[in-house]
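Enquirer: Before I ask anything, here is the structure I am working with.
Nothing in this text is a laboratory measurement; each read-out follows from the coordinates by a stated rule. Since this is a predicted model, take the numbers as computed values, not measurements. Heads up, the Cβs are rebuilt from the backbone with ideal geometry, glycines too, and the neighbour counts pull from every protein chain shown.
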């Protein structure tokens, strides 16, 4: 179910803080896409914890509201997974035929996946231009069956058909590629700061060279603000976006946000350092930031100072026409949060990624 894209799908990003929905119309003849629908439905913090669905009823209700609120009629949806239940590895194996590869992959996977192969769904793709000395490079993806079942089950119970399951970092990369020109001369770090997970994908041109999910995100801001200022979860959400809350002195906010910016930057740096140490000769020339926490005050500046590279926001609609009934204000408010959903909505069944 991974890597697939011909029939139009609705992108449904089920995150730990909200359900995001995006519907795109393919314009044909290389004219790209038009945005038909976009919406976000908040989720209670207890609904999904560390990527695990704890209250299916709340998630089902949020999916129904997200889709019903925008009158999305299409029944087939694409969803994505991330976190510890998903493993992505680039492996090198002796060159073999496509038929033999299907038999070899489960055996090879056992060496790289910290789960029983019987407990995961496997997908793979031969990487063009990779491999040497009679070997071939293969991108291997494994996702735990129980995690897939949990997420597809809530979609089904919400009345839709989960026909495609992708991975967050690939959906993020797909969103970037459909909106920006590929540059083979520079490495670009795509960083999606979600509520509980930050997805990092490093690309060079149209080639993926590194992927990792980090267990940090916007919830760290909420936790720090609630602890230091004794505010509610909803008030913390407002504050971390740079808005004021009655009874909270504005001068207390910058120091708290700066400390979390530094913490998240440090976790991202560990990942970038690991990438550089394991991929000799490669680096990053710029960083592109997405996710609901991408607009936390001074996060971009903090990351730019730490890494010494330009940090720019990812515009998921940079090359997407905007359909009727979608206001500029709605786009401005929701754009940082919907990159994964946009990447999913551009998928089509029947083609390989």
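Enquirer: For residue 274 paired with residue 98, estimate the spin-label separation in nm (one decimal), with each label point 7 Å from Cα along the Cα-to-Cβ line.
Expert: That separation, rounded to one decimal, is 3.4 nm.
Enquirer: If you don't mind, there's one more thing I want to ask. Give me the one-decimal nm value for the distance between modelled label points at residue 185 and residue 207, 7 Å along each residue's Cα-to-Cβ direction.
Expert: 1.6
Enquirer: Using only alpha-carbon positions, what ratio does the radius of gyration of segment 181-313 give when scaled by 2.2 N^0.38 Å?
Expert: Dividing the Cα Rg of segment 181-313 by 2.2 N^0.38 Å gives 1.12.
Enquirer: Quick check on packing: order 17-25, 39-47 by the mean number of other C-beta atoms within 10 Å, highest mean leading. Walk me through the intermediate numbers first.
Expert: On the way: 17-25: 24.9, 39-47: 18.0.
Highest-to-lowest ranking by the protection proxy: 17-25, 39-47.
Enquirer: How many percent of DSSP beta bridges within segment 181-313 run antiparallel, rounded to 5? Intermediate values should be presented prior to the final figure.
Expert: Numbers: 14 of 22 bridges.
Approximately 65 percent, going by the DSSP bridge assignments.
Enquirer: Please list 296-308, 142-154, 88-100, 330-342 highest first by mean number of surrounding beta-carbon atoms within 10 Å per residue. It would help to have the intermediate numbers written out before the result.
Expert: Details: 296-308: 16.7, 142-154: 19.0, 88-100: 13.7, 330-342: 22.6.
Those peptides, ordered most packed to least, come out 330-342, 142-154, 296-308, 88-100.
Enquirer: Additional query: Can you pull the Rg over Rh of the chain, Cα-only, Kirkwood? Intermediate values should be presented prior to the final figure.
Expert: Working: Rg = 20.1 Å, Rh = 21.0 Å.
Here the Rg-to-Rh quotient is 0.96.
Enquirer: Nearest 5 is fine: what % of DSSP beta bridges in the chain come out antiparallel, could you say?
Expert: Details: 49 of 68 bridges.
Counting DSSP beta bridges with both partners in the chain, the antiparallel share is about 70 percent.
Enquirer: Also: To the nearest Å, what is the center-to-center distance of segment 1-73 and segment 146-213, using C-alpha atoms only?
Expert: Cα centroid of segment 1-73 versus Cα centroid of segment 146-213: 13 Å apart.
Enquirer: Take the alpha-carbon centre of segment 300-336, take the same for segment 249-284, and report the distance between them in whole Å.
Expert: Spelled out, the Cα-based centre of one part sits 20 Å from the other.
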